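See structure below.
What follows is calculated from the coordinates using simple rules that are stated; it is not laboratory data. Please read all numbers here as calculations on a predicted model, not as lab measurements. Virtual Cβ from ideal backbone geometry, glycine too; neighbours counted across all protein chains shown.
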Amino acid sequence: MADKFKAVIDEPELLKESINALSTLLTEAVFKVTKSGLELRAMDAANVAMADMKLLASAFRTFEVEKDIEIALNLSDLTSILKRSKGTDSVTLELKDNQLLVEMKGGTKRSFNLPLLDIKQDQKIPSLDFPVSIKIKTEAIEDGISDAEIVGDAVILEADPDSFVMRAEGNNRKAEVRIEKGNDLLIELKAKDHVKSIFPLDYLKKFIKAAKLCKEATLYLGNEYPMKIDFRVLDKIQLSFILAPRIESE
Amino acid sequence: MADKFKAVIDEPELLKESINALSTLLTEAVFKVTKSGLELRAMDAANVAMADMKLLASAFRTFEVEKDIEIALNLSDLTSILKRSKGTDSVTLELKDNQLLVEMKGGTKRSFNLPLLDIKQDQKIPSLDFPVSIKIKTEAIEDGISDAEIVGDAVILEADPDSFVMRAEGNNRKAEVRIEKGNDLLIELKAKDHVKSIFPLDYLKKFIKAAKLCKEATLYLGNEYPMKIDFRVLDKIQLSFILAPRIESE
Amino acid sequence: MADKFKAVIDEPELLKESINALSTLLTEAVFKVTKSGLELRAMDAANVAMADMKLLASAFRTFEVEKDIEIALNLSDLTSILKRSKGTDSVTLELKDNQLLVEMKGGTKRSFNLPLLDIKQDQKIPSLDFPVSIKIKTEAIEDGISDAEIVGDAVILEADPDSFVMRAEGNNRKAEVRIEKGNDLLIELKAKDHVKSIFPLDYLKKFIKAAKLCKEATLYLGNEYPMKIDFRVLDKIQLSFILAPRIESE
């Protein structure tokens, strides 16, 4: 007997924007479906970044699955389909005849079928210990990325107990955003020491697409260490990206 | 003595949007000017689609023509010019010195001259008998086209006494919009039997540009038969497109 | 001892939009900094157009310079940086360590460093005597340029005591904007005789970017003679462009 899965979501943006951010990183993906929701953990093709999404069952109006299953899909196909949803649609995901059926109910009833792929994935999340965490408005990160792009293709993320800095240097040029404790954009800064790591901008630009989900994110940093960025909507979605640092040539 | 023609329109959008839709299909066109208005009937270069426009004299503030004449123009030139009109302009079309003079009066007086072409056309509209007619909001057709584009380059139009369906299939994918009788978007559905034909999406995308003229259109369908779509603004404009079906390989 | 210069402006648009217009014409530029403000005079690489900008010290909240100095910069770099400023930022320009430091203070403190170039420039403004001056809303010029583009790559500017005309001709096509005295868009027209000159459209399109600074400009014309266009914001900025006429082949 075929696996059963059917879920209805009234906030299609949660699905659309998270899958859209993921699709810039991954071409195919294996979703784990359990009673607690839809999960995805995957490494990008270049082995530089990792995504970890949990779209919680509580984000859905109904979420029915009999036993834990895996659904492998082409993410760019799924994104194209989800982009056709309207904010007021309710969107149904359903397994049917070895396909994923995506139904959008609004003024009309529209449906899409997508074939399941025959791939397996079992990505472990590395155990990381971050000495610094920074809860910050996503607009500040977006500004820092756009500023840094003027100067180069990498950004230095730096923090100490009093401030968070995004900086780019190169060709005798420099761009820097410095956000001190007390700034409205900086909600919480936990740092005991000074840390500094450098990251490729193109990946950060992909991650920050998830800012469409929520206006705040939490950055986790270390010294010459990977970074993690967390986007969360309470009881609905957790979307994290982990990125390896670029080795500095300074 | 030269032919005389002068017409002034206070709703330049009628002219701009209809010519714009036509210009995606036809590079040159012969307009017939009679006391009843401006007419254009033409087949596209691929002999797949036909356009039939009547911009009625009653759409114009003044419409003066002494005897029936023909005006042949490059449609992409005419479209470029009409795009320069503003919604509040009154636009004058006038034959002068073997040119078409297009004058736009708003805050300023702006004028454009366009050479007449030396071509003839006498397109007959084929006699077609459609068993099904569907009066529908254009937004539903636009959605169906955009949905279908995700899956392929053709769309199946299907109707029966209770519903109208736009569907695309291919590569193990499917997209479908189903609109049942009673849906607000479906104003009128006249069908005795089930009909189904398949059409190339690129043409439908061109036709639907005319949705800028009016929020409703009427679709005429048959079984493995051409389609016709009608855009009408009462006493002002009638714009129809006829499209040959694609032969199904199913 | 190094030269000192520090200036703070609360209307970054003045700086951003003027430099943006200049950067379409010049890749590098030498600014003269004196107690009266920031000045730039330069000829474009093709020797066809000249720019003359004075951003007055009174446009700045503070403007400190010890002695007259020159600052040579890459204008496209400077434009990229200034585009990152927000309308509500206050922007500081400061010479530091042989670099220009650009600081933007708004919700955050963001800074950019730009290297000084080692070039000299001493452009003299030619002595020109224009028989005609036309104070006009910039939207009328923008319309005339866009209309003319449909027809060709040059525009004829023509004036007499009663009207100002922008016209393009070519390939049996014509576009013309005629603005008569008394039209609200034409604030002042001073002309004793009829004058007419032809100019390349691509340059006018660059100049008119400065319309973001102010809604009015003054055109200076002669007969088969260069043109000048002036954009002014009282006590803040004067930005002029001079353009050589195209020799007519009529």
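Table for the structure above
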quantity	calculated
Estimated distance in nm for a label pair at residue A:202 and residue C:122, the labels positioned 7 Å out from Cα along Cα-to-Cβ	4.8
Residues residue C:27 and residue C:105, FRET efficiency given R0 of 35 Å [Cβ-Cβ distance, rounded to 0.05]	0.75
Cα gyration tensor shape for the stretch A:132-225, rounded if a/c is under 1.5, else prolate or oblate	oblate
Rounded FRET efficiency, nearest 0.05, which uses the C-beta distance separating residue A:72 from residue A:46 and R0 of 25 Å	0.80
Ellipticity estimate at 222 nm from DSSP helix runs (n ≥ 4, -39,500 (n - 2.57)) divided over chain B, nearest 500	-5000 deg cm²/dmol
Size of charge dipole - the protein assembly as shown - debye, nearest 20, with Cβ of Lys, Arg +1 and Asp, Glu -1, no other charges	980
Dipole of the protein assembly as shown, positive direction: furthest Cα of B:99, B:197, B:218, with charges on the beta-carbon	B:218
For the stretch B:132-243: relative contact order, % (alpha-carbon pairs under 8 angstrom, 6 or more apart)	29
Unit charges at the beta carbon, dipole of the stretch A:5-115: most positive-side option, A:18, A:56, A:7	A:7
Pairwise FRET efficiency - residue A:178 versus residue A:129, Cβ, R0 = 25 Å, nearest 0.05	0.45
Most mobile listed residue (A:159, A:191, A:21) in chain A, GNM with C-alpha springs under 10 Å	A:191
Base-10 log of normalised Debye intensity for the stretch B:57-124 (one unit scatterer per alpha-carbon) at q = 0.20, 0.23, 0.24, 0.27 Å⁻¹	-0.96, -1.19, -1.26, -1.37
Unit charges on C-beta of K, R, D, E only; dipole of the stretch C:132-243, Debye	340
For the stretch B:76-138 versus the stretch A:194-250, the gap between their alpha-carbon centres in whole angstrom	54
Footprinting exposure proxy for A:241, B:5 (fewest neighbouring C-beta atoms within 10 Å first)	B:5, A:241
Relative contact order (percent, whole number), the stretch A:5-115, Cα cutoff 8 Å, 6+ residue spacing	33
Peptide ranges A:25-33, C:167-175 listed from the most packed, as the mean C-beta count within 10 angstrom indicates	A:25-33, C:167-175
Cα-Cα P(r), the stretch B:190-250, percent of pairs per 5 Å interval	4, 17, 26, 21, 17, 10, 4, 1, 0
Computed Kirkwood radius, in angstrom, where 1/r is averaged over Cα pairs of chain A	19.2
Under the span-like rule (Cα at least 30 Å along the axis, Kyte-Doolittle mean at least 1.0), DSSP H helices of chain A	none
Point-charge dipole on Cβ atoms (K/R +1, D/E -1) for the stretch C:5-115, about Cα centre, debye to 20	320
Cleavage-rule hits (GluC sites (Glu not before Pro)) in the stretch B:53-146: DSSP loop, at most 12 neighbouring Cβ within 10 angstrom	B:66
Note, ³J(HN,Hα) from phi for the stretch A:203-213, Karplus 6.51, -1.76, 1.60, rounded to Hz, x at Gly and Pro	5, 4, 5, 6, 4, 5, 4, 5, 4, 5, 7
Cα shape, the protein assembly as shown, gyration tensor, a/c 1.5 rule	oblate
Prolate/oblate/rounded label for the stretch A:5-115 (Cα gyration tensor, a/c 1.5)	prolate
For residue C:154, distant residues with modelled amide H under 5 Å away	C:201
Loop sites in the stretch B:59-128: trypsin sites (Lys or Arg not before Pro), DSSP, at most 16 other Cβ within 10 Å	B:61, B:67, B:83, B:86, B:120, B:124
Mean Cα-pair separation over length for chain A, i.e. relative contact order, pairs under 8 Å, 6 or more apart, %	21
Of the GluC sites (Glu not before Pro) in the stretch C:184-225, those whose Cβ has at most 16 other Cβ within 10 Å and which sit in DSSP loop	C:224
Among C:77, C:193, C:118, residue whose mean-square fluctuation peaks in a GNM of chain C (springs only between Cα atoms under 10 Å)	C:118
Estimated vicinal HN-Hα couplings, Hz - the stretch A:221-238 in sequence order (Karplus 6.51, -1.76, 1.60; Gly, Pro = x)	10, x, 9, 6, 9, x, 10, 9, 10, 10, 10, 9, 10, 3, 6, 10, 8, 10
